[in-house]
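Okay, so here's the structure we're looking at.
The values are calculated or read from the model by the stated rules, or taken from the named source; none is laboratory data. All values reported here derive from a predicted model rather than from experimental measurement. We place every Cβ from the backbone using ideal geometry, glycine too, and count neighbours over all the protein chains shown.
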Amino acid sequence: MALWFSASAVLPSLQVEYDIGPALASLYTSSVQTGFVAGTLISAVLGLADRLDMRRFFMVSTLLAAGVNAVILLVEPTSPVVFVCRFLTGAAMAGIYPVGMKIAVTWAKGDIGLLVGLLVGALTLGSGAPHLFNAMGGIDWRFTIAVTSLLALTAALVINLVRIGPNLAPSPRFDPRIAFKAYTRPALRLANFGYLGHMWELYAMWAWLAVFLHASFEVHMEDAALWSRLATFAVIGVGGAAGAVLGGMIADRIGRTALTMGAMAASGTCAIFIGFLFGASPWLVFSVAFFWGVVVIADSAQFSASIAELSEPGTLGTMLTMQTSVGFLLTLATLHLMPTMVAAVGWQFAFATLAVGPFFGVWAMGRLRAHPDSVNIAGGRR
């Protein structure tokens, strides 16, 4: 998953060397999201995650993603080829993220929340890794692109050592209409609405946090570039990984709707208030950002765990792929909204627009909590 932010993590360095404005900067992340949406829609309609060998699907997808990411090293960063590569990277990841979640669920024994939380924690650590590589590589953005491609190549090999668990149900006969049950069945629809609220906030926060921290740290520090990169890795990679795992452990005990509602309420509150700390002490800004990094992802795996518990046997891969497809489609709006809001109202208020999502998610999960099918979630611990 380090491929996801491999290009957007080096934006501060690229903006020093090249003429990259806000709109072009947004494309470094949104082109990946667009590719992922296209890839997951195709995968969901064709039922690929339920019909193909999961390890081979994961391996081929990862090899493709690693290859097109490495092509960026051969062209100018402002070339249209870069954004085509980013699109293809995202499309290939349709065979990585949802497929990985399905593999994890095949091993669940009353601990789906923890298992998917561990996988999302790995996703979060991988997503934050480019910021660490960027700090290690100094201003040479090529270092980050190269290392993330090599990591993905390693993952493509390692997946062949993974075994599939005993909970794998046989896939039903091919029917493209199965994918749309994600939104026609009421309980699944509410769980997906909660996920949409979560996604409205998550990737815009991840994509623009480094820029925010860099600008804020510059008020007090001469080496703001280095410290903002390290801080961003700590927030996304370390805090996010811890939040995902802890969220899974807690949700398996107190219930998924309870955990998701609490996490979204906390993250939405952070989104509203962190902007007011712009230019404050770097340690204070970092502390609030780190807490936000923990709670913004603590609920993520639990939406997928809920989908796993509410889905019909044999359709899990398709339901997870459909969930992520629509969720990442929504992120395109906030990824491009953020630079517009920064220009219009400044960093003090820009992140506050993200709070709309988690508060909508709280409403949706509250409705799911009251739905009769919620007894199937977390062994009845809603």
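Look at the stretch 67-86: where a residue is basic (K, R) and a partner is crowded, with 19+ Cβ neighbours inside 10 Å and part of a loop (DSSP other than H, G, I, E, B), sitting 6+ places away or on another chain with Cβ atoms under 7 Å, you get R86/A7.
For the stretch 114-127, the count of residues that are crowded, with 24+ Cβ neighbours inside 10 Å, under 17 Å from A169 (Cα atoms) and not acidic (D, E) is zero. Residue pairs whose Cβ atoms lie under 8 Å apart, separated by 6 or more positions or on different chains, with the first residue in the stretch 93-108 and touching a residue at least 12 places away in the same chain (Cβ under 8 Å) and of a type in the set (A, V, I, L, M) and the second surrounded by fewer than 22 Cβ atoms within 10 Å (Cβ to Cβ) and not in a helix (DSSP H, G or I), are I103/V162; I103/I164; I103/G165; V105/G165; V105/N167; A108/G165; A108/N167. Based on this model, can you work out whether S61 counts as free of Cβ contacts under 8 Å to residues at least 40 places away in the same chain and among the hydroxyl-bearing types (S, T, Y)? When the stated conditions are applied, S61 passes them.
Table: residues versus (1) in a helix (DSSP H, G or I); (2) touching a helix residue (DSSP H, G or I) at 6+ places or on another chain (Cβ under 7 Å); (3) under 30 Å from S306 (Cβ atoms); (4) among the small types (G, A, S).
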{"position": "W107", "(1), (2), (3), (4)": "no, yes, yes, no"}
{"position": "G128", "(1), (2), (3), (4)": "yes, yes, yes, yes"}
{"position": "L132", "(1), (2), (3), (4)": "yes, yes, no, no"}
{"position": "A135", "(1), (2), (3), (4)": "yes, yes, no, yes"}
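Against the condition among the small types (G, A, S) and under 17 Å from the mean Cα position of the chain (by Cα), how does S43 come out, does it pass? No; evaluated as a whole, the condition is false for this residue.
Out of T106, T89, I need the residue that is crowded, with 21+ Cβ neighbours inside 10 Å, modelled with pLDDT of 85 or more and among the polar types (S, T, N, Q). Which one? From the options T106, T89, the qualifying one is T89. Scanning the stretch 13-53 for residues being closer than 23 Å to G100 by Cβ, touching a residue at least 40 places away in the same chain (Cβ under 8 Å) and surrounded by fewer than 22 Cβ atoms within 10 Å (Cβ to Cβ) gives a total of 7. Answer yes if at least one residue in the stretch 302-315 is modelled with pLDDT of 90 or more, out of contact with any Leu (no Cβ under 8 Å at 6 or more places or on another chain) and over 25 Å from K109 (Cα atoms), and no otherwise. Looking for residues that are modelled with pLDDT of 90 or more, out of contact with any Leu (no Cβ under 8 Å at 6 or more places or on another chain) and over 25 Å from K109 (Cα atoms), one finds none in the stretch 302-315, hence no. Checked against (1) closer than 30 Å to R163 by Cβ; (2) of a type in the set (S, T, Y); (3) part of a helix (DSSP H, G or I); (4) touching a Phe, Trp or Tyr at 6+ places or on another chain (Cβ under 9 Å), Y28 passes all but condition (1).
Okay, residues lined up against (1) within 24 Å of I42 (Cβ to Cβ); (2) part of a helix (DSSP H, G or I); (3) of a type in the set (V, I, T):
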{"residue": "F291", "(1), (2), (3)": "no, yes, no"}
{"residue": "S306", "(1), (2), (3)": "no, yes, no"}
{"residue": "P313", "(1), (2), (3)": "yes, no, no"}
{"residue": "L320", "(1), (2), (3)": "yes, yes, no"}
{"residue": "Q323", "(1), (2), (3)": "yes, yes, no"}
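Scanning the stretch 166-196 for residues that are buried (at least 16 other Cβ atoms within 10 Å of the Cβ), at pLDDT below 90 and assigned to a helix (DSSP H, G or I) yields I178, A179, K181, A182. On the basis of being out of contact with any strand residue (DSSP E or B) (no Cβ under 7 Å at 6 or more places or on another chain), among the charged types (D, E, K, R), within 22 Å of V285 (Cβ to Cβ) and modelled with pLDDT of 90 or more, does E218 make the cut? Judged against the criteria, E218 is a match. With respect to being touching a residue at least 40 places away in the same chain (Cβ under 8 Å), in a helix (DSSP H, G or I) and farther than 14 Å from A271 by Cα, M338 falls outside the description. Filtered by the rule that a residue be surrounded by 19 or more Cβ atoms within 10 Å (Cβ to Cβ) and either aliphatic (A, V, I, L, M) or within 15 Å of the chain's Cα centre (by Cα) (or both), the stretch 54-63 gives M54, M59.
Note on the stretch 197-289: enclosed helices (runs of 4 or more DSSP H) holding 3 or more residues that are more than 29 Å from F303 (Cβ to Cβ) and more than 18 Å from the chain's Cα centre (by Cα) are 224-233.
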